[in-house]
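**Q** Would you mind keeping the following structure in view while I ask a few things?
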Amino acid sequence: MILKPIFPTALHQDSAELIRDYFIHIPNVDTVLVVNSCARGQAAPESDLDFAILVNPNTAPAEIKKIEMAWQQYSNSQPTFLKYKKSNPFAHLHLDIIDGNYTPGIFEIGGASDFFEIEVGNHICYSAPISNAGNYFKELQDKWLPYYDEDLRLQRLALSTKACAYDLAHIPYFIRRGLYFHAFDSLCKAFQEYLQTLFIANKTYPIAYNKWIKEQVVKWLNKPDLYPKLSPILSISNIESEEINDKAQMLQALLNNLTNE
């Protein structure tokens, strides 16, 4: 399925069409993709305008850099873009040049989160071509949809589960030392790692682990009974207490249930 973008204002639309007209004349560009809220028809007037420009797989890094520099020079002086950016304090134009080469990151237990599934999801599954979908984009959809290789999925499921459990296990230690804000940070990180594990387990690409949670869990994963158990986990009334420990235990129970399914 190929989505069609919907823009919330005329300025969004005009800016998007200028981006389309600019990039479709560049020989190495395969597809001009609208991503995020505008791609899914959920943008508001305050929403950013987000694009991913997919170039052909044989495009050299030096050529990609050249495209990026030319775009920056053009966009910084284009009157329509300047008008759009001044339309409200939150109007930003984000544009990335991508080559469609998606490589899973190395899970470092206790390290930064991995966003492999989010990247593939937003670029390939939930993006919307504003012009014709190119052959390379269609090839990538055939490769990555409806989900990636099962062996890789099982590997990443085990790693994301381990990462979540590791961060949860550290919370009591931080609480004992009075490192309450560090404990809360670990809880937030483990919460996102749980969501990553949940999506991998259900063979579904996410769009984010920090927004649109209700829609993703209730509608996309069809788990309306799970969402009410998620929302209280990050609701802390007294950070300098055992409350974070209690919430960590709640999340650990959900993780245990998930791995036992």
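The values are calculated or read from the model by the stated rules, or taken from the named source; none is laboratory data. Source: prediction; values computed, not measured. Cβ sites come from the backbone with ideal geometry, for glycine too, and all protein chains shown count toward neighbours.
**Q** Output yes when any residue across the range 135-157 is among the aliphatic types (A, V, I, L, M), crowded, with 16+ Cβ neighbours inside 10 Å and over 20 Å from Asn56 (Cβ atoms), and no when none is.
**A** Taking every residue of the range 135-157 in turn, at least one turns out to be among the aliphatic types (A, V, I, L, M), crowded, with 16+ Cβ neighbours inside 10 Å and over 20 Å from Asn56 (Cβ atoms).
**Q** Based on this model, can you work out whether Gln42 counts as closer than 29 Å to Gln216 by Cα and modelled with pLDDT under 95? I'd like the intermediate steps shown before the answer.
**A** Details: closer than 29 Å to Gln216 by Cα: yes; modelled with pLDDT under 95: yes.
Considered against the rule, which asks whether it is closer than 29 Å to Gln216 by Cα and modelled with pLDDT under 95, Gln42 comes out as yes.
**Q** Return only the number of the condition from (1) of a type outside the set (Phe, Trp, Tyr); (2) within 21 Å of the chain's Cα centre (by Cα); (3) modelled with pLDDT under 95; (4) closer than 20 Å to Val29 by Cα that Ile106 does not satisfy.
**A** In the conditions (1) of a type outside the set (Phe, Trp, Tyr); (2) within 21 Å of the chain's Cα centre (by Cα); (3) modelled with pLDDT under 95; (4) closer than 20 Å to Val29 by Cα, Ile106 misses (4) alone.
**Q** In addition: Go through the range 162-214 residue by residue and tally those that are closer than 30 Å to Cys38 by Cβ and in a helix (DSSP H, G or I).
**A** Count: 15.
**Q** Oh, and also: Does the range 114-130 contain at least one residue that is surrounded by fewer than 17 Cβ atoms within 10 Å (Cβ to Cβ), closer than 20 Å to Ala208 by Cα and modelled with pLDDT under 95?
**A** There is at least one residue in the range 114-130 that is surrounded by fewer than 17 Cβ atoms within 10 Å (Cβ to Cβ), closer than 20 Å to Ala208 by Cα and modelled with pLDDT under 95.
**Q** Scan the range 86-100 and tell me whether some residue there is in a helix (DSSP H, G or I) and basic (Lys, Arg). Reasoning before the result, please.
**A** The initial filter retains those residues of the range 86-100 that are in a helix (DSSP H, G or I), namely none.
Taking every residue of the range 86-100 in turn, none turns out to be in a helix (DSSP H, G or I) and basic (Lys, Arg).
**Q** Kindly list the number of the only condition in (1) under 30 Å from Ile2 (Cβ atoms); (2) touching a residue at least 12 places away in the same chain (Cβ under 8 Å) that fails for Lys211.
**A** Here Lys211 meets the rest and fails (2).
**Q** Being in a loop (DSSP other than H, G, I, E, B) and either in contact with a Phe, Trp or Tyr (Cβ under 9 Å, 6 or more places away or on another chain) or farther than 11 Å from Pro172 by Cβ (or both) is the filter here; which residues of the range 233-248 pass it?
**A** Residues satisfying the conditions are Ile233, Leu234, Ser235, Ile236, Ser237, Asn238, Ile239, Glu240, Ser241.
**Q** Criterion first (surrounded by 15 or more Cβ atoms within 10 Å (Cβ to Cβ) and either touching a Leu at 6+ places or on another chain (Cβ under 9 Å) or of a type in the set (Ser, Thr, Tyr) (or both)) does Leu234 satisfy it? It would help to see each step written out before you state the result.
**A** Details: surrounded by 15 or more Cβ atoms within 10 Å (Cβ to Cβ): no; either touching a Leu at 6+ places or on another chain (Cβ under 9 Å) or of a type in the set (Ser, Thr, Tyr) (or both): yes.
No: the conditions fail for Leu234.
**Q** Return the residues of the range 88-103 that are surrounded by fewer than 13 Cβ atoms within 10 Å (Cβ to Cβ) and of a type in the set (Phe, Trp, Tyr); say none if nothing qualifies.
**A** Listed by number, the list holds a single entry, Phe90.
**Q** Using beta carbons and a limit of 7 Å, which pairs, at least six apart or on different chains, have the first residue in the range 243-258 and without any contact (Cβ under 8 Å) to a residue 60 or more places away in the chain and the second one outside any helix (DSSP H, G or I)?
**A** Glu243/Ile236; Glu243/Ser237; Met250/Ile233
**Q** OK, next. Taking the range 48-71, which residues are within 23 Å of the chain's Cα centre (by Cα) and surrounded by fewer than 19 Cβ atoms within 10 Å (Cβ to Cβ)?
**A** Answer for the range 48-71, where residues must be within 23 Å of the chain's Cα centre (by Cα) and surrounded by fewer than 19 Cβ atoms within 10 Å (Cβ to Cβ): Asp48, Asn56, Pro57, Ile64, Glu68.
**Q** Here is a follow-up. Quickly run through the range 131-149 and pick out the residues that are in contact with a helix residue (DSSP H, G or I) (Cβ under 8 Å, 6 or more places away or on another chain) and farther than 15 Å from Ile98 by Cβ.
**A** Within the range 131-149, Ser131, Leu145, Tyr147, Tyr148 meet the criteria.
**Q** Taking the criterion of being surrounded by 15 or more Cβ atoms within 10 Å (Cβ to Cβ), assigned to a loop (DSSP other than H, G, I, E, B) and charged (D, E, K, R), would at least one residue in the range 220-229 satisfy it?
**A** yes
**Q** Based on this model, can you work out whether Asn122 counts as under 14 Å from the mean Cα position of the chain (by Cα) and either on the phi < 0 side of the Ramachandran plot or not basic (Lys, Arg) (or both)?
**A** Working: under 14 Å from the mean Cα position of the chain (by Cα): yes; either on the phi < 0 side of the Ramachandran plot or not basic (Lys, Arg) (or both): yes.
Against the criterion (under 14 Å from the mean Cα position of the chain (by Cα) and either on the phi < 0 side of the Ramachandran plot or not basic (Lys, Arg) (or both)), Asn122 qualifies.
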